[in-house]
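What follows is a short report on a single structure.
No value in this document is a laboratory result; all are computed from the given coordinates. Since the structure is predicted, the reported quantities are computational estimates derived from the model, not experimental observations. Counting neighbours? That spans all protein chains shown, and the Cβs are built from the backbone with ideal geometry, glycine included.
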Number of protein chains: 2
Amino acid sequence: MLKLYTLFRSSAAYRVRIALNLKKLPYESIPKALAKGEHRTPEYLAVNPQGLVPAIETDDGLVLSQSLAIIEYLNELYPQPPLLPNSALERARVRSIALAIACDIHPLNNLRVLNYLRDRLGQDEADVNAWYRHWIVEGFTGLETELSRHSTARRFCHADALSIADVCLVPQVFNARRFKVDLTPFPTIAAISAHLEAMPEFAAARPEVQPDAV
Amino acid sequence: MLKLYTLFRSSAAYRVRIALNLKKLPYESIPKALAKGEHRTPEYLAVNPQGLVPAIETDDGLVLSQSLAIIEYLNELYPQPPLLPNSALERARVRSIALAIACDIHPLNNLRVLNYLRDRLGQDEADVNAWYRHWIVEGFTGLETELSRHSTARRFCHADALSIADVCLVPQVFNARRFKVDLTPFPTIAAISAHLEAMPEFAAARPEVQPDAV
């Protein structure tokens, strides 16, 4: 069975859980509590030198890291349901939305970054929370315009089909809610996310229902 | 002719310039000086709502953003030379290396992030430079182990062939040098980058030879 090195609250692990559920692939969760430094032990660094979650390990002991690389891999091996559209142009649009979240919003709000702001730059919780919200609002502002152009039905990020963009959107909206970002200016994002969150494959991937949730 | 919305110093635009050169695609550079806010004008936001560089515009007026989405698109349309390996597993490894740079190093060192640290959190240049170097050293530490496992010839990031990982590595090494990161602990990264930088397609993409370089 596939092993998933995960953390219930990790947005990138949440993406991979959604993809595994959509592809109906059973997996074993191996939680790594980042707050306890479990991602930096020699044992885990031997598995994943990048020292982050998520990573997956196959029955053959092959390890893959980076959520979007894992999801593209799962989509290539298990094509149903497809997580990328049929045309190169549409694939580029879907990847662009996924990357706008995975490169331009999420990395700035990672636990290790918030810890640096607190511990090394001496920022207080109000400043850290303002930082967190700032990058979500910046990213969502552009995304709202893009999604409203291409998602007229407001069910999925691109056209009227599931994609890797949807897999990235829901965990990011979860983070936005957790940090009390006002979603009123982002009605398309909120509507798409609400539709997706009601799907069982997305619901089963939620942080609070994971075995390591605290 | 393809249009490239670019900035000479943007690491993400640098990646796309390398890919365009490798694919032997002529393009017109349309510089956007981020320091002057040229990426936030209503005109540019109409083109690319994400308000960042790079973006490409086709002859049909179609616009695509996010460097890795653009590069995957170019690689699908113009397969030679291939920027992804033939097997799903190897493609995942190459994408993982590219994303380790594009998600876990570069976004933390973007101009807008450094400006936030300076202007809103009141950090001085020494703190900003320490931040910049910290994320490169963190990322390069894991990458060095990964590359040394899979790049025995030290010519390319994965096996002995060009890939999107190489396209991401060289601009990141350029940034590391610019901020005086000691590369001694990263001999595999340094050797691969030196080999790639000598290739004409990489050399022609360097920031200092772009039309908008200052």
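Which residues in the range A:26-61 place their backbone N less than 19 Å from a point set 7 Å from the Cα of A:MET1 along the Cα-to-Cβ direction? From the range A:26-61, the list is A:26-32, A:55-61. Take B:ASP119 and B:ALA46, extend 7 Å from each Cα along the Cα→Cβ direction, and tell me the distance between the two endpoints in nm. For B:ASP119 paired with B:ALA46, the spin-label model returns 2.5 nm.
Taking chymotrypsin sites (Phe, Trp or Tyr not before Pro) across the range A:82-181, the ones in a DSSP loop with at most 15 further Cβ atoms lying within 10 angstrom of their Cβ are A:PHE179. The simple Förster model, with R0 at 22 Å and r as the Cβ-Cβ distance, assigns A:GLU28 and B:ALA88 a FRET efficiency of 0.55. Phi angles of the range B:114-119 translate, via the Karplus equation with coefficients 6.51, -1.76, 1.60 and θ = phi - 60°, into HN-Hα couplings of 4, 5, 5, 4, 6, 7 Hz per residue; Gly and Pro are given as x.
For chain B, modelled as a GNM whose springs connect Cα atoms under 10 angstrom apart, the maximal fluctuation among B:SER96, B:SER163, B:SER87 occurs at B:SER87. Dividing the alpha-carbon radius of gyration of chain B by the rule-of-thumb value 2.2 N^0.38 Å gives 1.00.
Mind checking the range B:37-121 for trypsin sites (Lys or Arg not before Pro) that DSSP puts in a loop (not H, G, I, E or B) and that have at most 15 other Cβ atoms within 10 Å?
Here the sparse-neighbourhood loop sites are B:ARG40, B:ARG120.
Considering only A:ARG133, A:ARG177, A:ARG155, the Gaussian network model of chain A with Cα springs below 10 Å gives its largest mean-square fluctuation to A:ARG177. Other residues lying with their Cβ under 14 Å from the Cβ of A:ILE71 contribute a combined charge of +2, Lys and Arg counting +1, Asp and Glu -1. The antiparallel fraction among DSSP beta bridges confined to chain A stands at about 60%.
With helices as the sole contributors, chain A gives -16000 deg cm²/dmol at 222 nm; each DSSP H run of n ≥ 4 counts as -39500 (n - 2.57), and the sum is divided by every residue. Basic side chains Lys and Arg get +1 at the Cβ, acidic Asp and Glu get -1 at the Cβ, and with that the dipole of the protein assembly as shown about its Cα centre reaches some 200 debye. Annotation: amide H-H contacts under 5 Å for A:THR6 (H modelled 1.01 Å from N, sequence separation of 5 or more, or interchain): A:ILE30, A:LYS32. Computed from Cα atoms alone, the Kirkwood hydrodynamic radius reported for the range B:88-142 is 12.3 Å.
Across the range B:152-166, computed HN-Hα scalar couplings (Karplus, 6.51 cos²θ - 1.76 cosθ + 1.60, θ = phi - 60°) run 5, 7, 6, 10, 9, 5, 10, 6, 10, 9, 5, 7, 4, 5, 5 Hz from first to last residue, x flagging Gly and Pro. For the range B:39-88, the relative contact order is 21 percent, taking Cα pairs closer than 8 Å that sit 6 or more residues apart in sequence and dividing their mean separation by the residue count. Straight-line reach from B:LYS3: taking Cα to Cα under 17 Å and skipping same-chain neighbours fewer than 8 places apart, the lysines in range are B:LYS23, B:LYS24, B:LYS32.
Give me the percent of DSSP beta bridges within the range A:2-81 that run antiparallel, rounded to the nearest 5. Don't jump to the answer; show the numbers that get you there.
On the way: 6 of 11 bridges.
Within the range A:2-81, antiparallel bridges account for around 55 percent of the total.
Its residue count N fixes a reference of 2.2 N^0.38 Å for the range B:88-201, and the Cα radius of gyration divided by that reference is 1.11. Sparse packing (at most 15 other Cβ atoms within 10 Å of the Cβ) combined with a DSSP loop state is found for none of the chymotrypsin sites (Phe, Trp or Tyr not before Pro) in the range A:1-41. Percent of alpha carbon pairs in the protein assembly as shown separated by more than 32 Å? Cα-Cα pairs in the protein assembly as shown separated by more than 32 Å: 31 percent. When only Cα pairs below 8 angstrom with a gap of at least 6 residues are kept, chain A shows a relative contact order of 25 percent.
In this simple spin-label approximation, B:ARG178 and A:GLU197 carry label points 7 Å from Cα along the Cα→Cβ vector, and these lie 3.9 nm apart. Note: the range A:2-81, Cα convex hull, 80 Å³ per residue.
Taking the charge dipole of the range A:2-81 about its Cα centre, with +1 at Lys and Arg Cβ atoms and -1 at Asp and Glu Cβ atoms, the residue from A:ILE71, A:ALA33, A:VAL16 reaching farthest to the positive side is A:ALA33. Fewest neighbouring Cβ atoms within 10 Å first, the residues B:LYS3, B:LYS32 line up as B:LYS3, B:LYS32. Taken one residue at a time, the phi angles of the range B:30-41 give Karplus couplings (6.51, -1.76, 1.60, θ = phi - 60°) of 10, x, 10, 7, 4, 4, 9, x, 5, 8, 10, 6 Hz. Gly and Pro are set to x. Label points for A:LEU111 are taken 7 Å from Cα along Cα→Cβ. From this copy to the others they lie 3.4 nm apart, shortest first. Among B:VAL167, B:VAL113, B:VAL53, the largest mean-square fluctuation in a Gaussian network model of chain B, built with springs joining Cα atoms closer than 10 Å, belongs to B:VAL113.
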